1. In what sequence do 174, 310 fall when counting other Cβ within 10 Å, fewest first?
2. For the range 93-171, what does the alpha-carbon gyration tensor say about shape, rounded, prolate or oblate, given a ≥ b ≥ c as the root eigenvalues, a/c under 1.5 as rounded, and a/b over b/c as prolate?
3. Once a ≥ b ≥ c are taken as the square roots of the eigenvalues of the Cα gyration tensor of the range 135-225, is the result rounded (a/c under 1.5), prolate (a/b larger than b/c) or oblate (a/b not larger than b/c)?
4. Could you tell me what fraction of 2.2 N^0.38 Å the Cα radius of gyration of the range 239-281 comes to, as a two-decimal ratio?
5. Over the range 65-198, one equal point on each Cα, no solvent: what is log10 I(q)/I(0) by the Debye formula at q = 0.12, 0.22 Å⁻¹?
6. Fewest Cβ neighbours within 10 Å first, please rank 251, 113, 316 accordingly.
7. How would you rank 123, 172, 322, going from fewest to most other Cβ atoms within 10 Å of each one's own Cβ?
8. Average projected area of the Cα convex hull of the range 231-313, in nm²?
Ligand SMILES: Nc1ncnc2c1ncn2[C@@H]1O[C@H](COP(=O)(O)OP(=O)(O)O)[C@@H](O)[C@H]1O
Ligand SMILES: CC(C)(COP(=O)(O)O)[C@@H](O)C(=O)NCCC(=O)O
């Protein structure tokens, strides 16, 4: 820890610079320096924070979340500068002898060190990405009510987390690539698997195949597409019948994109929405399957999915849920996190405390976080003793 005199004001900002997106988490007291509604600043959310004691300087405040495409890192830097987030929102000069240190994680914390130094005069203090993902997930699961939910058939079912019965669990973070982490406690984890077929694959292949200009456009297309136009189903191979002997129904996908082998059709003969749907389904199925196999390998009952690939998107969550249900024969269920994409940034934020910055501690935040937040969707469920949905699902 740096001596107090060589420290700049408490930054209240942490940053996660991933392969695709930059995520910011920052704190404001009394809701000050809320970002204005400016489209450049991408999505913004906030978590109300109040300890109800009244006399603590941090008794009222908010955690804010913002994201930027990593390719537009200069917009992010400009955002930080305009809000003076790196100096706790203070709009006056910081003495040059004071080092401004910001907690940062993700590969970009290494890649863009010089850029942040040059443009904002700040030092990125690097925190390990896996440490931060786990710290962020543990923080959310323990401190934020109605953070985790099941998703099936268009319905969210919120999960009441029992703090004493949280571990072990499998954390599957679907970012550009996918990391699968067995979590056994605070700071106790092992990255047990991963796959390079992740969110970057969906967006990268999808962009090439559909000419979509944005991730959201690609995702929206998938709503109206029909994957059966491109995917080869069991019924396509078996003359319309099931292959019942090995438990495959005629509507199971036998081969993702398998129909595209047809010599009679070129890319332009397929509709972008069908391509998008098939791609989304292929990638989500695959991740759901690998996740379940890892849960099985380590005897884990709970699987939480995070990362911005999910994007709270109904079809993505449904596909992952169905895959986990199908492969586990109904023994396991996927759970999702409301702050899915901000695990790493939250973990980096919490690391200020671990390093002795005690002005605003993650511990305090954990106590203050929004147990009062209301959420109208779904019903409360108890994890892990949840109902397993019985009806047969088709992959
Ligand atoms: N606006 C967006 N631009 C690009 N990708 C997005 C966007 N929104 C969601 N995504 C998806 O989120 C993924 C990145 O997720 P994230 O958890 O931020 O990972 P990373 O840390 O690798 O950037 C992308 O690969 C893409 O699938
Ligand atoms: C290298 C990464 C940890 C980087 O994280 P990301 O920016 O994708 O969130 C991730 O892309 C990953 O785990 N990829 C899968 C690599 C593998 O296990 O083969």
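Rule-based calculations on the coordinates, nothing more; no lab input. Keep in mind that this is a model prediction, so the values were computed, not measured. So basically every Cβ, Gly included, is an ideal-geometry build from the backbone, and we count neighbours across all protein chains shown.
1. 310, 174
2. Numbers: a/c = 2.89, a/b = 2.66, b/c = 1.09.
Prolate shape, in that a/c is at least 1.5 and a/b is the bigger ratio.
3. Because a/c hits 1.5 or more and a/b fails to exceed b/c, the range 135-225 counts as oblate.
4. Output field value: 1.40.
5. Values returned for q = 0.12, 0.22 Å⁻¹ are -0.66, -1.31.
6. 251, 113, 316
7. Fewest-to-most Cβ neighbours within 10 Å comes out as 123, 322, 172.
8. Projected over every direction and averaged, the Cα hull of the range 231-313 covers 7.7 nm².
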